[in-house]
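The values are calculated or read from the model by the stated rules, or taken from the named source; none is laboratory data. In this text the structure is predicted, and so the values were computed from the model without any measurement. Positions of Cβ are backbone-derived with ideal geometry, glycine not excepted, and every protein chain shown enters the neighbour counts.
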Amino acid sequence: MSFPAQPPASGEPYVLTASLDNARHLSSLLRAVHFQDHATCFATASGLRVTVEDAKCIQANAFIQAEIFQEFAVQEESVIFRINLSVLLDCLTIFGTSSLPGTSTALRMCYRGYGYPLMLFLEEGGVVTVCKINTQEPEELLDFDFCSTKVVNKIILQSEGLREAFAELDMTSEVLQITMSPDKPYFRLSTFGNAGSAHLDYPRDSDLMEAFHCNQTQTNRYKISLLKPSTKALALSCKVSIRTDAEGFLSLQYMIRNEDGQICFVEYYCCPDENITEAEL
Amino acid sequence: SRSAFASFLFAPLFFQLYEPRVPTPGTERFRCKVHMKSFLGVFRSLPSLEKSVGKCLILLKPRASRLVLQLHCKYGVTKTHNLAFQECEELQAVFDTQRCSSHLCAPARVLAEAVVHFPLTLAEVTLGTGPGGKISLRNYVEDEAEPSKTMVTELWLAEDEFQSVAVSPGSRITFCLKEFRGLLTFAEASNLPLTIHFDEPGRPVVFTLDDTVLEVHLVLATLSNLESDSQPPLTNGVSHLPAPSDDFPDDLESYMVALETSTSEGGPPSPTFPLRTPQPPPSDPEEEDEEDEEGAVPGTPPHKKFRSLFFGSVLTPGGPGLAPTQEVLAEDSDGEC
């Protein structure tokens, strides 16, 4: 299905136009980073990146590359705006969230540029909904400066092995402690809650371990309330890469396969918790 | 509320490996307790346990004050939980099933199918023995409730539904159904027959499950009947209905008539403990001698607001303390509160 191209009355072209046959390819990824109301959208010729931050400690990015869209055109070098993510998700799922096979909501997104609202045209079963969402001044985003040369430890795990662990994390613990080491316990997730401490150990030779590159023993703690939202991304993903740098900054990268088998990525960056008391082993 | 006691005793053979700590001579056996919620939290999701956990290691680390539960899961993953524990005195209720005058044994399924007829919110149920070896179950109605406005459910089980019946006829006990349901669920799941040992009203009822490697006891206080024992024990304001005869289907109509008429009259006033004021119950002279002999306490679950007689410490106006005629069945390991 296609919408006629809409040249605005003033003659200015849209700086961003994108079409998706199945809006779920976008909405499910956005849900994986939806832990705050507001997000920053960043569009380039390569695709769309949606960023959410909290407490100046955690940042999540959802990447939907241009190839996922049926149409994706960006007129400027980059287009950036801040938007209410809760409202955006409500609009994208306006026809409901149940995913019946064979039915999907088609989406066309248009943005005229700075100061203009984001226009969404959604269609399902012949019914069309038009949404206009106000955009805001983009705020400065954190730069974790996480590049592969600074990585000290890296593992890639099949998500299946971590899903349950994250869903059952002891939320009475303030922190999630991550230990990565070339020696035992190799990869350990620990919590210190009301009931006592709990440790989840993954050996380096586990079938779940796709890659194990740990050079140094590192133990870092992160605020569990900040990391818990990443469980959504984990639930959607098939693989996750866990990396830390020398300062203990954490990078979680989730490989997500959508309904059509296309691959997208979501990543979470987190600062280590500064209030460190002696780790209970 | 100290009106119930449960114990699960696992024999060494229940485990794949059992290594008891060799106690240093002169010291007592080590006992500790952990928060139930914390312990159950480790085994939170039964389906996922079945799917992914191979074995569980339980270790006591007395010096670190930790009970370690280690789950060995699929893919080589290990989940270790270090639970804090408290050392405590041994908590053991004193009871002797041999002393009970009545014993019943039935497959758990029979009893589960019987209690399904009672609402989940029902607090107490009365178990009674009738002529012909029939066993009745009926919901307990508070004496304050108006007989004409209360629904009474009563069902009778024939002797042949039980594996063994050795009861004194005309006996009746009332106990907490909610606590019994818990045990029943476990008994059904493990397919074990349940034995019920009971005596006079007021004496605790003991439920046991026996297996080669597991011994389970649930001891519940029962409502005491404080009028003289010579009266037929009644546990609520509705008069006792005649047990259906063996030609039950033929007698159904007359039985139903009896049911209707009895609920429309008021019954005799309930002989149960008045339960409104925190007074120690008057001692039953007949029981007193026996009590001193074996230290049994007539366990009376008092008014819903306070139930504490089973383990001693009746709530008197002056505060917790033992009523003169009662001995403590089992000391509260937490101490007097």
Item to check | Residue tally, condition in contact with a Phe, Trp or Tyr (Cβ under 6 Å, 6 or more places away or on another chain) and hydroxyl-bearing (Ser, Thr, Tyr), over region A:218-268 | outcome: 4
Checklist outcome for this item: Filtering region B:77-109 for residues that are more than 14 Å from chain A (Cβ to nearest Cβ) and among the aliphatic types (A, V, I, L, M) leaves a count of 6
Checklist entry - Looking only at residues in region A:181-225 that are in contact (Cβ under 8 Å) with a residue 60 or more places away in the chain and in a strand (DSSP E or B), which one is farthest from the other protein chains (Cβ to nearest Cβ)? => result A:Lys223
Checklist outcome for this item: Filtering region A:179-228 down to residues that are polar (S, T, N, Q) and in contact with a His (Cβ under 7 Å, 6 or more places away or on another chain) yields A:Ser190
Checklist entry - Is it the case that A:Asn84 is surrounded by 13 or more Cβ atoms within 10 Å (Cβ to Cβ), touching a Lys or Arg at 6+ places or on another chain (Cβ under 9 Å), under 19 Å from A:Leu30 (Cβ atoms) and touching a residue at least 40 places away in the same chain (Cβ under 8 Å)? => result no
Item to check | Given (1) touching a residue at least 24 places away in the same chain (Cβ under 8 Å); (2) facing chain B (nearest Cβ under 9 Å), number of the condition A:Val151 does not satisfy | outcome: (2)
Checklist entry - Is there a residue being touching a Phe, Trp or Tyr at 6+ places or on another chain (Cβ under 6 Å), in the same structural domain as B:Arg31 (by the TED database) and either surrounded by 13 or more Cβ atoms within 10 Å (Cβ to Cβ) or among the aromatic types (Phe, Trp, Tyr) (or both) anywhere in region B:69-82? => result yes
Checklist entry - Quick one: would you say B:Lys74 is modelled with pLDDT of 85 or more, away from every other protein chain (no Cβ under 14 Å) and closer than 29 Å to A:Gly161 by Cβ? => result no
Next on the checklist: Taking the criterion of being in contact with a helix residue (DSSP H, G or I) (Cβ under 7 Å, 6 or more places away or on another chain), surrounded by fewer than 20 Cβ atoms within 10 Å (Cβ to Cβ), on the phi < 0 side of the Ramachandran plot and outside any loop (DSSP other than H, G, I, E, B), would at least one residue in region B:130-141 satisfy it?
Outcome noted: yes
Checklist entry - Inside region B:61-115, can you point out the residues that are free of Cβ contacts under 8 Å to residues at least 24 places away in the same chain, in contact with a helix residue (DSSP H, G or I) (Cβ under 6 Å, 6 or more places away or on another chain) and assigned to a strand (DSSP E or B)? => result B:Cys73
Checklist entry - What are the residues in region A:226-252 that are closer than 12 Å to A:Gln158 by Cα and part of a strand (DSSP E or B), if any? => result A:Ser237, A:Cys238, A:Lys239, A:Val240, A:Ser241, A:Ile242
Checklist entry - Does region B:21-29 contain at least one residue that is part of a helix (DSSP H, G or I), out of contact with any Gly (no Cβ under 9 Å at 6 or more places or on another chain) and under 17 Å from B:Glu87 (Cβ atoms)? => result no
Checklist entry - Could you say which residue among B:Ala93, B:Ala114, B:Ala108 is surrounded by 14 or more Cβ atoms within 10 Å (Cβ to Cβ), in contact with a strand residue (DSSP E or B) (Cβ under 8 Å, 6 or more places away or on another chain) and modelled with pLDDT under 90? => result B:Ala93
Next on the checklist: Take B:Cys88 and tell me if it is buried (at least 20 other Cβ atoms within 10 Å of the Cβ) and out of contact with any Phe, Trp or Tyr (no Cβ under 8 Å at 6 or more places or on another chain).
Outcome noted: no
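So that you can scan it fast, the table gives a plain yes or no per residue for (1) closer than 30 Å to A:Gly193 by Cβ; (2) polar (S, T, N, Q):
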| position | (1), (2) |
| --- | --- |
| B:Asn82 | yes, yes |
| B:Phe85 | yes, no |
| B:Val94 | no, no |
| B:Ser101 | no, yes |
| B:His117 | no, no |
| B:Thr121 | no, yes |
| B:Glu124 | no, no |
| B:Thr129 | no, yes |
Checklist outcome for this item: Counting only residues that are farther than 30 Å from A:Leu208 by Cα, of a type in the set (A, V, I, L, M) and within 13 Å of chain A (Cβ to nearest Cβ), region B:10-59 contains a total of 2
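Before we move on, is A:Glu168 outside the structural domain of A:Leu20 (by the TED database) and either farther than 21 Å from A:Val79 by Cβ or in contact with a Phe, Trp or Tyr (Cβ under 9 Å, 6 or more places away or on another chain) (or both)?
Judged against the criteria, A:Glu168 is a match.
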Item to check | In region A:35-57, the residues that are polar (S, T, N, Q), in a loop (DSSP other than H, G, I, E, B) and within 23 Å of A:Lys228 (Cα to Cα) | outcome: A:Gln36
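Look at B:Leu122 and say whether it is in a helix (DSSP H, G or I) and within 20 Å of B:Thr222 (Cβ to Cβ).
Judged against the criteria, B:Leu122 is not a match.
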Checklist entry - Is region A:172-179 home to any residue that is β-branched (Val, Ile, Thr), more than 14 Å from every other protein chain (Cβ to nearest Cβ) and out of contact with any strand residue (DSSP E or B) (no Cβ under 8 Å at 6 or more places or on another chain)? => result no
